[in-house]
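Asker: Got a structure for you, written out below as structure tokens; questions coming shortly.
The values are calculated or read from the model by the stated rules, or taken from the named source; none is laboratory data. Note that the structure is a prediction, hence the values are computed from the model and not measured. Positions of Cβ are backbone-derived with ideal geometry, glycine not excepted, and every protein chain shown enters the neighbour counts.
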Amino acid sequence: MATSFKQIEENLKNEARKLLEDQKVSLVLAYGRGYDENHPVPFVAKIAADVENIVFNEYCTANMARYLVRYPRGTKMAVAVKPADSRAVVQLIQEDKVKREDVILLGIPVIGMKNSKTGEVIDSKTTCGLYNPVLYDVLLGEEIHGQPVVSPYDVLAQYEAMDKDARFAFWQKEFDKCIRCYACRKACPMCYCDPCFIDQNKPKWGEKSPQSHGNLMYHLTRFHHLAGRCIDCGECSRACPVDIPLYLFHKKVARECEEMFGQAAGKSIQDKPVLVNFRVDDSDKILE
Amino acid sequence: MSFEPKILGIACNWCTYTGADLAGTTRLQYPQNLRVVRVMCSSRINPSFIFRAFQLGADGVLVGGCHPGDCHYNTGNLYARRRLAVTKKILEFSGMEPGRFRVEWISASEGNKFAEVVTEFTEQIKNLGPQTKFKIVK
Amino acid sequence: MLKKTAIQKISDLAAQLMQKGTLIAPVREDAGFNFREVSDANQVDLNFYNTLMSPKLAFFPQMEDFVRYQTGKSVLEAVPVEISLKPAFLFGVRPCDVKSFEIMDIHFSGTGAVDPYWQKRREATAIFGYAFDVNTPADGADFYSTLGIGAADPEGSDVFMMKKSDDLLLKAVTDRGEKLLAEMSGLTDATPDDLKYFDETVAAGRSFKTRFTCVEAKSVAKKFEDLFHKTPFWERISDGCLSCGVCTFVCPTCYCFDICDETLFGQGTRRRVWDACMFTDFTLEASGHNPRTKVYQRLRQKVCHKYSYHVRKYGVISCVGCGRCTRNCPVNIDIFSIVDQAMKE
């Protein structure tokens with residue numbers, strides 16, 4: 001039986017208060033009250049009194065790991081992490097963006113999260129499908145077991161079965177909707193480059209105007225940059241104002257990486273990201 | 001007029017490019033459709049080069065590097081192998097014909113292999129026809 | 001002049017407008033409704049609350065070509081891009097969005113430096129306003145009544161439309177609207193009952209309440225000026241901000257743009273593309289210096305521009321309370337709450 005959201009909120013508040021009072025951390029990344037119940041905002045508690053503003057409910061979907069890289073190295077932080085978010089923290093630790101000893105993970109097992117834009121339950125096919133965080137220091141609710149195990153990659157079958165021309169037409173239609181607001185890269189916990197390749201002028205990798213070719217360049221390269229790093233939280237697709245199913249492509253790349261290199265992103269802090277690593281016995285078959 | 005594809009070749013300085021030189025000095029015949037760009041190592045290749053090449057009108061892209069284990073920088077091509085494998089999967093899932101992108105390990109002494117690969121790849125691209133999916137319409 | 005037609009017959013109306021010129025109307029798309037140039041009269045759909053993107057794109061498209069040139073050729077051979085002056089009809093604009101055009105006019109023509117692209121489009125376009133339904137509560141993100149805009153204000157439109165059960169009432173507001181309605185066939189004259197309903201709805205729209213806080217332009221502007229240096233306040237409200245460009249792109253009163261030269265195959269185009277003050281490189285200078293590197297500085301700029309600097313310079317708040325930024329923000333940051341909190345600070 002999953003712990004209620006109310007109980008998790010209570011535990012989160014208590015834990016945050018304790019950490020801030022004991023000065024174990026200088027900030028706690030959690031969720032705060034938005035303009036109404038269904039629209040919580042990411043919230044940073046900096047003093048114990050801030051803790052009263054913390055909320056947690058089924059609409060708290062934002063990936064708080066995204067904010068870790070915003071603070072100077074060495075800042076002691078606690079972060080509320082749902083299953084996918086914990087993978088993001090693991091991945092950031094692998095990439096040495098944040099140190100394990102600087103971050104305290106307040107793990108939250110979740111089920112039945114809802115999208116605050118639509119009010120609907122988030123389809124687990126669009127996310128990593130985990131119920132429990134992979135890494136945590138404190139668990140704020142009981143681990144969830146006995147739920148159907150959903151493969152995060154099942155959703156791909158119908159797209160993989162498509163004819164390549166149809167698939168190209170599908171992606172072209174989706175990318176043509178892009179308005180280049182860059183919400184996808186900004187919502188992504190793994191997108192921390194400054195400047196992003198698409199903002200560079202010399203060399204200019206792609207057009208800044210929202211046309212097919214610039215959009216294609218931006219998205220394909222972004223998928224590539226996230227290869228073996230995407231932790232499948234689905235934030236990019238939820239952030240997208242024009243509903244481009246970015247998660248599909250990320251999942252596809254993640255699956256290929258997992259099959260080729262035998263390692264999924266953000267599962268263990270001992271791993272090295274697959275594309276900055278190699279094995280001498282990698283098969284040449286992967287190039288075929 | 002028959003279709004003459006434009007093929008971008010990206011060759012590593014130490015092996016494939018030297019191999020191409022050898023093919024030239026031994027006067028091996030191979031199609032002229034390949035335009036070679038020399039890079040210091042196959043791991044120098046940013047995947048965006050490949051996407052961009054297709055956008056700017058390449059009908060095919062051929063990447064050449066040292067045989068795994070023979071890299072001038074010891075491990076460059078081992079990173080490149082993983083990276084380019086991902087590039088290939090991305091191209092494929094986006095709807096591009098998989099045959100338009102190819103990676104080959106060609107050493108400095110394999111002039112004949114270079115000529116063979118180029119001949120075969122050009123033939124393959126000819127069969128696939130012009131690349132229109134990524135190409136930016138003028 | 002007040003006319004009416006059955007809601008089901010709006011495609012007839014649309015078809016007539018399409019014969020006269022370009023029709024830009026709400027069309028249902030994957031992510032919601034958007035104003036698009038209509039090619040098939042049946043696409044026009046008035047069953048929307050409000051569109052995803054604001055109607056500013058009818059006058060100020062996200063991408064607009066100015067000059068075409070060829071590399072290696074003389075500047076004198078560059079060709080300016082002419083815009084067509086076909087009459088256009090912007091159909092189904094909500095009252096708060098109609099108000100936004102008035103604010104945008106200040107920037108594109110009111111200050112003396114006239115933007116010919118905006119100006120020409122604006123002159124060529126007749127606006128068909130469309131009242132919100134005053135009998136259903138407003139979306140939780142909207143706050144146009146805070147800014148003194150009614151749910152059914154006909155001002156600013158050429159023709160103002162509203163629903164009356166299965167009918168659509170069309171009222172000519174300007175001379176251009178009168179002329180347009182007179183030329184339309186298939187409309188019936190409204191009954192005195194309809195006339196009464198129209199006036200009552202406009203009145204009801206004025207007292208219709210969305211989220212409301214007392215915002216007086218001068219005092220809110222002063223408040224934000226005083227708050228400018230209170231960094232902790234700005235840090236607190238921007239802690240969650242991702243600094244993406246969604247809010248500015250969907251905003252009906254955001255007008256920042258970038259001029260890009262995009263050259264491919266020797267053919268170049270100088271074009272204007274929307275830019276956003278929320279982007280890191282928005283203020284990046286050629287020297288490499290960036291005066292706004294922090295998220296709080298950028299969010300502060302956005303809020304203060306709308307609620308403070310704009311008031312000081314032009315006397316009006318540059319926000320119409322349409323709620324798009326709030327609805328589409330990936331992390332639910334709400335400009336209304338920011339203003340509300342600032343006033344209490």
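Asker: Look at A:LEU92 and say whether it is surrounded by 16 or more Cβ atoms within 10 Å (Cβ to Cβ), more than 14 Å from chain B (Cβ to nearest Cβ) and in a strand (DSSP E or B).
Answerer: Judged against the criteria, A:LEU92 is not a match.
Asker: Further question: Which of the residues spanning segment B:81-104 are in contact with a strand residue (DSSP E or B) (Cβ under 6 Å, 6 or more places away or on another chain) and either closer than 22 Å to A:GLU259 by Cα or part of a strand (DSSP E or B) (or both)?
Answerer: Hits for segment B:81-104 are B:LEU84, B:LYS88, B:LEU91, B:PHE101, B:ARG102, B:VAL103, B:GLU104.
Asker: Follow-up question, since we're still on this one. May I ask you to list the residues in segment A:59-76 that are on the phi < 0 side of the Ramachandran plot, more than 9 Å from every other protein chain (Cβ to nearest Cβ), surrounded by fewer than 24 Cβ atoms within 10 Å (Cβ to Cβ) and free of Cβ contacts under 8 Å to residues at least 60 places away in the same chain?
Answerer: A:TYR71, A:PRO72, A:ARG73, A:THR75, A:LYS76
Asker: Restricting attention to segment C:223-257, and to residues there that are charged (D, E, K, R) and in contact (Cβ under 8 Å) with a residue 40 or more places away in the chain, which single residue is nearest to the other protein chains (Cβ to nearest Cβ)?
Answerer: Within segment C:223-257, the match that is nearest to the other protein chains (Cβ to nearest Cβ) is C:GLU235.
Asker: Return the only residue of A:LYS267, A:LYS251 being part of a helix (DSSP H, G or I) and within 20 Å of A:LYS82 (Cα to Cα).
Answerer: A:LYS251
Asker: Scanning for something part of a helix (DSSP H, G or I) and either away from chain B (no Cβ under 14 Å) or of a type in the set (Gly, Ala, Ser) (or both), does segment A:189-199 turn up at least one residue?
Answerer: No, because not a single residue in segment A:189-199 is part of a helix (DSSP H, G or I) and either away from chain B (no Cβ under 14 Å) or of a type in the set (Gly, Ala, Ser) (or both).
Asker: Residue pairs, Cβ under 6 Å, 6 or more apart or interchain, first in segment B:70-96 and on the phi < 0 side of the Ramachandran plot, second of a type in the set (S, T, N, Q) and surrounded by fewer than 23 Cβ atoms within 10 Å (Cβ to Cβ). List them.
Answerer: So the pair list comes out as B:GLY76/B:SER43; B:TYR79/B:SER43; B:ALA80/B:SER43.
Asker: I'm told C:LEU180 meets every condition in (1) in a helix (DSSP H, G or I); (2) exposed (fewer than 15 other Cβ atoms within 10 Å of the Cβ) except one. Can you identify the failing condition by its number?
Answerer: Answer for C:LEU180: the failing condition is (2).
Asker: Suppose we filter segment C:16-59 for residues that are at positive phi and either among the acidic types (Asp, Glu) or without any contact (Cβ under 8 Å) to a residue 12 or more places away in the chain (or both); how many remain?
Answerer: So the answer is 0.
Asker: Go through segment C:306-345 and tell me which helices (runs of 4 or more DSSP H), entirely inside it, have 1 or more residues that are in the same structural domain as C:ASP139 (by TED's automatic domain parsing), under 19 Å from C:TYR49 (Cα atoms) and over 17 Å from the mean Cα position of the chain (by Cα).
Answerer: The helices (runs of 4 or more DSSP H) meeting that bar number zero.
Asker: Out of the residues in segment C:11-30 that are within 14 Å of chain A (Cβ to nearest Cβ) and surrounded by fewer than 17 Cβ atoms within 10 Å (Cβ to Cβ), state the one that is farthest from C:SER54 (Cα to Cα).
Answerer: So, considering only residues that are within 14 Å of chain A (Cβ to nearest Cβ) and surrounded by fewer than 17 Cβ atoms within 10 Å (Cβ to Cβ), the one farthest from C:SER54 (Cα to Cα) is C:ASP30.
Asker: What are the residues in segment B:89-103 that are within 9 Å of another protein chain (Cβ to nearest Cβ) and either over 19 Å from B:GLY129 (Cα atoms) or surrounded by fewer than 20 Cβ atoms within 10 Å (Cβ to Cβ) (or both), if any?
Answerer: Across segment B:89-103, the qualifying residues are B:LYS89, B:ILE90, B:GLU92, B:PHE93, B:GLY95, B:GLU97, B:PRO98, B:VAL103.
Asker: Of the conditions (1) surrounded by fewer than 20 Cβ atoms within 10 Å (Cβ to Cβ); (2) under 26 Å from A:VAL44 (Cβ atoms); (3) aromatic (Phe, Trp, Tyr), C:TRP234 clears all except one; give me its number.
Answerer: For C:TRP234, the failing item is (1).
Asker: Oh, and also: Could you check segment C:159-195 and list, in sequence order, the residues that are on the phi > 0 side of the Ramachandran plot and touching a residue at least 12 places away in the same chain (Cβ under 8 Å)?
Answerer: Listed by number, the list holds a single entry, C:GLY186.
Conditions tested, residue by residue: (1) within 24 Å of the chain's Cα centre (by Cα); (2) closer than 16 Å to A:CYS60 by Cα.
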{"site": "A:THR3", "(1), (2)": "yes, yes"}
{"site": "A:LYS6", "(1), (2)": "yes, yes"}
{"site": "A:ASN14", "(1), (2)": "no, no"}
{"site": "A:ARG17", "(1), (2)": "no, no"}
{"site": "A:SER26", "(1), (2)": "yes, no"}
{"site": "A:ALA30", "(1), (2)": "yes, yes"}
{"site": "A:ARG33", "(1), (2)": "yes, yes"}
{"site": "A:VAL41", "(1), (2)": "yes, yes"}
{"site": "A:VAL44", "(1), (2)": "yes, yes"}
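Asker: Taking only segment A:136-147 into account, find how many residues are in contact (Cβ under 8 Å) with a residue 60 or more places away in the chain and surrounded by fewer than 19 Cβ atoms within 10 Å (Cβ to Cβ).
Answerer: The number of residues fulfilling the criteria is 3.
Asker: How many residues are farther than 14 Å from A:HIS224 by Cβ and surrounded by fewer than 19 Cβ atoms within 10 Å (Cβ to Cβ) when one looks only at segment A:261-277?
Answerer: So the answer is 9.
Asker: Which ones in segment C:310-345 are more than 18 Å from C:PRO252 (Cα to Cα), within 14 Å of chain A (Cβ to nearest Cβ) and acidic (Asp, Glu)?
Answerer: C:ASP340
Residue-wise test of (1) touching a helix residue (DSSP H, G or I) at 6+ places or on another chain (Cβ under 9 Å); (2) modelled with pLDDT of 95 or more.
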residue: A:ASP154; (1), (2): yes, no
residue: A:ALA157; (1), (2): no, no
residue: A:GLU160; (1), (2): yes, no
residue: A:PHE168; (1), (2): yes, yes
residue: A:TRP171; (1), (2): yes, yes
residue: A:PRO195; (1), (2): yes, no
residue: A:ILE198; (1), (2): yes, no
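Asker: Another one. Say we look at segment A:148-187 and pick out the residues that are exposed (fewer than 14 other Cβ atoms within 10 Å of the Cβ) and not in a helix (DSSP H, G or I); which of these is farthest from the other protein chains (Cβ to nearest Cβ)?
Answerer: A:PRO148
Asker: Hey, could you check segment A:8-32 for residues that are in a loop (DSSP other than H, G, I, E, B) and out of contact with any Leu (no Cβ under 9 Å at 6 or more places or on another chain) and say which is surrounded by the most Cβ atoms within 10 Å (Cβ to Cβ)?
Answerer: This residue is A:LYS24.
Asker: Ok, one more. Please count how many residues of segment A:52-81 are within 18 Å of A:GLY141 (Cα to Cα) and among the hydroxyl-bearing types (Ser, Thr, Tyr).
Answerer: Looking only at that region, the number is 2.
Asker: OK, next. Taking segment A:203-239 on its own, how many of its residues are within 7 Å of another protein chain (Cβ to nearest Cβ), free of Cβ contacts under 8 Å to residues at least 24 places away in the same chain, closer than 25 Å to B:ALA80 by Cα and part of a loop (DSSP other than H, G, I, E, B)?
Answerer: Of the residues in that region, 1 qualify.
Asker: With C:VAL250, C:VAL215 as the choices, which residue is closer than 28 Å to A:LYS204 by Cβ and buried (at least 18 other Cβ atoms within 10 Å of the Cβ)?
Answerer: None of the other options fit; the residue is C:VAL250.
So that you can scan it fast, the table gives a plain yes or no per residue for (1) in a helix (DSSP H, G or I); (2) among the aromatic types (Phe, Trp, Tyr); (3) surrounded by fewer than 16 Cβ atoms within 10 Å (Cβ to Cβ):
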site	(1), (2), (3)
C:GLY112	no, no, yes
C:TYR117	yes, yes, no
C:ALA138	no, no, no
C:ALA152	no, no, no
C:SER157	no, no, no
C:ARG206	yes, no, yes
